[in-house]
Amino acid sequence: MIKRVCTRLLFVSIFAQCAPAQDIPALIRTTKPKVIAVLFISSQKLPDEAQLPVIGTHSKPSGEVDGYVYISGTGFFVSSDGYILTAQHVIADIPTPIKILLADGKILDAQVVASSSSSEHDFALLKANVSNIPFLTFEPFGSLSEGDDVIYMGHPFGLQPVITNKAMISWAGPSEAGDAFQLNGIVNSGESGGPLIDPKSGNAVGIVKAKYGALTPYLKMISDGKLQMGVNIGGGNFDLQHFVKDVASMMELHIQMGIGYAISTEYAETQLKNVTRPAPNPTK
């Protein structure tokens, strides 16, 4: 009996070693064209505190620069006819029409088709005028469990290249925002709205949120300019209030103060199914 068990364990061990590994680099290459950046244009350069790089400029017909282009967050195609999924808070405060940046460098307009409130599920469904575009397929929330590996893509800190991260599901279950995942990977500002991908299938199972955490109430008051400090050192050469506010802003933008977080794509998938598409042209 013992001999048979040992032989069986040996077979399982050899099979595990010989099982083909998931080709993650190939998956990343095929997925990147399906990921987009959500853009906004500011008439003036943002202050240093924003810590966002200018990725381009907008000019008048005369050639005079009248706007600076920044990345607000990330999104991804979920149909071949140009429907895009992102986080609602990514588009909440940017001017319309919404601009998106494709992997090939093209900038297109996009319209909001459906969205949740900022406190509910946090997703938005956009539509761009493209066809035959590569897209990510949805996967049910229950297909991943705690301990499963995932990858996610986005534009951290508003950088133009699509960046890929790997993480593990550290928790999955119901939350105030509905079914959600907690990740043991760092999710930075600018990656909100990006896809959470099951590497076994290559499908999108979640929508990434930048972070799940917050500044302390005291630092939040400083960051919001609600705490008056009125102290200058060195005859005005050093503004303590400005310094502390910058520190608070840097912490909020660049330090993981909580846990990586993603919500299920199933809420947005329902909205996409309800979208009325134009009937195809009859064959002549």
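Readers should treat all values here as calculations from the given coordinates under stated rules, not as data from a laboratory. Keep in mind that what you see is a predicted model, and the values were worked out from it rather than measured. With ideal geometry, Cβ positions are generated from the backbone for all residues, glycine too; neighbour counts draw on all protein chains shown.
The table for this structure:
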| quantity | calculated |
| --- | --- |
| Label-to-label distance, nm, for residues given as Thr276 and Met168 (7 Å Cα→Cβ offset) | 4.9 nm |
| Extension gain, Gln111 back to Ala92 (0.36 nm per residue minus Cα-Cα distance, nm) | 5.6 nm |
| For the stretch 144-216: rounded, prolate or oblate by the Cα gyration tensor [a/c cutoff 1.5] | oblate |
| The stretch 70-115: C-alpha gyration tensor shape, a/c 1.5 cut-off, then a/b vs b/c | oblate |
| Two-site FRET efficiency, Ile24 against Gln44, from Cβ-Cβ distance with R₀ of 51 Å, rounded to 0.05 | 0.80 |
| Highest to lowest packing among 125-131, 188-194, scored as the average C-beta count within 10 Å | 188-194, 125-131 |
| Long pairs among Lys34/Lys209; Lys60/Lys106; Lys106/Lys209; Lys45/Lys226; Lys106/Lys200; Lys60/Lys226, criterion Cα-Cα beyond 27 Å | Lys106/Lys200; Lys60/Lys226 |
| Ranked by how many other beta carbons lie within 10 Å on average, peptides 138-151, 27-40 from highest | 27-40, 138-151 |
| Mean Cβ neighbour count within 10 Å, used as a protection proxy, ranking 81-94, 195-208, 102-115 highest first | 195-208, 81-94, 102-115 |
